[in-house]
1. Of the residues A:GLU100, A:GLU48, which is touching a strand residue (DSSP E or B) at 6+ places or on another chain (Cβ under 9 Å), under 21 Å from B:LEU4 (Cβ atoms), within 10 Å of chain B (Cβ to nearest Cβ) and surrounded by fewer than 21 Cβ atoms within 10 Å (Cβ to Cβ)?
2. Working carefully through the options A:SER32, A:SER64, A:SER81, find the one that is closer than 24 Å to B:TYR34 by Cα and more than 9 Å from chain B (Cβ to nearest Cβ).
3. If you go through region B:65-84, how many residues are of a type outside the set (Ser, Thr, Tyr) and either touching a helix residue (DSSP H, G or I) at 6+ places or on another chain (Cβ under 7 Å) or surrounded by 16 or more Cβ atoms within 10 Å (Cβ to Cβ) (or both)?
4. If A:ARG40 satisfies every condition in (1) out of contact with any Leu (no Cβ under 8 Å at 6 or more places or on another chain); (2) basic (Lys, Arg); (3) surrounded by 15 or more Cβ atoms within 10 Å (Cβ to Cβ); (4) closer than 21 Å to B:GLN40 by Cα but one, which is the exception?
5. Provide a single number: the residues in region A:84-97 that are out of contact with any Phe, Trp or Tyr (no Cβ under 8 Å at 6 or more places or on another chain) and within 14 Å of chain B (Cβ to nearest Cβ).
6. Looking at region A:19-29 only, could you name the residues that are away from every other protein chain (no Cβ under 14 Å), crowded, with 21+ Cβ neighbours inside 10 Å and outside any loop (DSSP other than H, G, I, E, B)?
7. Quick check: is even one residue across region B:15-32 part of a strand (DSSP E or B), more than 10 Å from the chain's Cα centre (by Cα) and within 27 Å of A:ARG99 (Cβ to Cβ)?
8. Quick one: in region B:1-28, which of the residues that are within 16 Å of B:SER65 (Cα to Cα) and more than 14 Å from chain A (Cβ to nearest Cβ) is surrounded by the fewest Cβ atoms within 10 Å (Cβ to Cβ)?
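The values are calculated or read from the model by the stated rules, or taken from the named source; none is laboratory data. What you see is a predicted model, and the numbers here were worked out from it, not measured in a lab. Backbone-built Cβ (ideal geometry, glycine too); neighbour counts: all protein chains shown.
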Amino acid sequence: QLQLQESGPGLVKPSETLPLTCTVSGDSISSSSHYWGWIRQPPGKGLEWIGSIYHSGDTYYNPSLKSRVIISVDTSKNQFSLKLSSVTAADTAVYYCAREVGVTKIIDSWGQGTLVIVSS
Amino acid sequence: QSALTQPRSVSGSPGQSVTISCTGTSSDVGGYKYVSWYQQHPGKVPKLLIYEVTKRPSGVPDRFSGSKSGNTASLTISGLQAEDDADYYCFSFAENSAGSWMVFGGGTKLTVL
């Protein structure tokens, strides 16, 4: 059974870099059928797609966040990671990692989400 | 590249039908078949309802249906039930000369009266 688990700090200071990792179990991150992505949801607000990565390292980013986002993959650990730089309070959100199906471009599996608060 | 436009809220009584719209551009909703819809209850992860505009994953009731006309996709929920009270998001592939990405709608709160 596929499981995705986010890990990382729950509190990040303004102007610093937010680092999160997603550990995948029950599927290989090297699957040719899937992309691995990050979505966030500020408290009480809507979903925002951040970006995704293929096992080859090809990345796709939200144009509005592209200048601050790096998504990377570690196939040896079956993990992928998010780094969001120069964070502000507006980056406070629940961050979800997720599996995307390449052919249909849907999100078919989500992590439980982790709340990251940006505050000094 | 803004979020797709959805009504902030819709409402209906049990048994009625409601339609939620999702308006984009020819670079996203209007240009591709890759529009999907998700339902999210408070504190839960989103659940896939519709993909590729009209297709329903197994296990999703046929009360949920999707369509598209031009740059606007729609989700129709017929025979409203209390458990349909939730937030709904459209999600679309987008592409222009700068590259490709995915984009959510702003979300619609459905209240079952």
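1. On the way: A:GLU100 fails: surrounded by fewer than 21 Cβ atoms within 10 Å (Cβ to Cβ).
It is A:GLU48.
2. On the way: A:SER64 fails: more than 9 Å from chain B (Cβ to nearest Cβ); A:SER81 fails: closer than 24 Å to B:TYR34 by Cα.
Exactly one residue qualifies, and that residue is A:SER32.
3. 9
4. For A:ARG40, the exception is condition (1).
5. Residues that pass the stated criteria total 2.
6. Of region A:19-29, the ones away from every other protein chain (no Cβ under 14 Å) are A:19-21, A:23-29.
From the residues that got through so far, the ones that are crowded, with 21+ Cβ neighbours inside 10 Å too are A:20, A:24, A:29.
Result: A:LEU20, A:VAL24.
7. No, because not a single residue in region B:15-32 is part of a strand (DSSP E or B), more than 10 Å from the chain's Cα centre (by Cα) and within 27 Å of A:ARG99 (Cβ to Cβ).
8. Restricting attention to region B:1-28, the residues satisfying the condition of being within 16 Å of B:SER65 (Cα to Cα) are B:15-22.
Right, trim to more than 14 Å from chain A (Cβ to nearest Cβ) and you get B:15-19, B:21.
Numbers: B:GLY15: 10, B:GLN16: 13, B:SER17: 12, B:VAL18: 19, B:THR19: 14, B:SER21: 17.
Applying the filter and picking the extreme gives B:GLY15.
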